[in-house]
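I have placed the structure first, in the form of structure tokens, so that the comments after it can refer back to it.
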Amino acid sequence: MQNLSKNSFVAINKRLEDIGIYPKDIEETFIKGTGKGGQKVNKTNNCVMIKCNDMNEDKIIIKCHKYRCLQKNRTYARELLYKKITSIKEKVEEDISNRIEKEKRRILKITDREKKESINYKKRRSTIKSDRQKIIRFESDDIA
């Protein structure tokens with residue numbers, strides 16, 4: 001059981017390094033857990049709190065107390081950190097691509113033909129709407 005946990009811990013550290021988060025950027029503290037689990041959980045420091053200082057002066061803080069085992073909590077906390085950072089990076093990349101696309105659409109020039117078609121369409125709509133007049137009804141008593 002411990003071997004599996006250590007292998008996955010090494011693997012998640014490698015994935016964190018691949019996205020630019022190194023062990024020196026991670027501050028890890030162990031605190032006493034709370035909740036279910038009885039005396040073992042309440043007396044031991046098996047809850048992991050990770051602070052990552054690398055993200056543009058913003059700190060990401062993750063607290064993990066999912067498992068009773070410290071090593072599993074360390075691995076899971078780093079997995080959560082990896083997911084959080086990748087989601088932040090994806091969001092930033094998406095925002096940049098949206099801005100670029102918006103700028104391209106803004107710069108796009110409208111041809112003379114498109115302008116004429118647009119004006120003709122507006123004129124047609126205008127005549128259709130102006131033809132809609134309120135119908136006035138006359139009673140036979142009003143005519144006389």
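Inspect segment 95-106 for any residue being under 30 Å from Ile62 (Cβ atoms) and among the acidic types (Asp, Glu) and give the result as yes or no. The answer is yes; a qualifying residue exists. If you go through segment 6-47 and keep only what is under 18 Å from Leu70 (Cβ atoms), exposed (fewer than 14 other Cβ atoms within 10 Å of the Cβ), among the β-branched types (Val, Ile, Thr) and touching a helix residue (DSSP H, G or I) at 6+ places or on another chain (Cβ under 8 Å), you end up with just Thr34.
Does segment 114-137 include one or more residues that are within 43 Å of the chain's Cα centre (by Cα), hydroxyl-bearing (Ser, Thr, Tyr), closer than 30 Å to Asp25 by Cβ and modelled with pLDDT of 90 or more? No; the residues of segment 114-137 include none that is within 43 Å of the chain's Cα centre (by Cα), hydroxyl-bearing (Ser, Thr, Tyr), closer than 30 Å to Asp25 by Cβ and modelled with pLDDT of 90 or more. Within segment 54-61, the presence of at least one residue that is of a type in the set (A, V, I, L, M, F, W, C), at pLDDT 85 or above, farther than 17 Å from Phe9 by Cβ and surrounded by fewer than 13 Cβ atoms within 10 Å (Cβ to Cβ) is confirmed. Of all residues in segment 65-81, those satisfying the criterion of being closer than 12 Å to Ile12 by Cβ and surrounded by 19 or more Cβ atoms within 10 Å (Cβ to Cβ) are Lys72, Arg74, Thr75, Tyr76, Ala77, Arg78, Leu81.
The values are calculated or read from the model by the stated rules, or taken from the named source; none is laboratory data. Nothing here was measured: the structure is a model prediction, and the numbers come from that model. In this analysis, Cβ positions are derived from the backbone assuming ideal geometry, glycine residues included, and neighbour counts consider all displayed protein chains.
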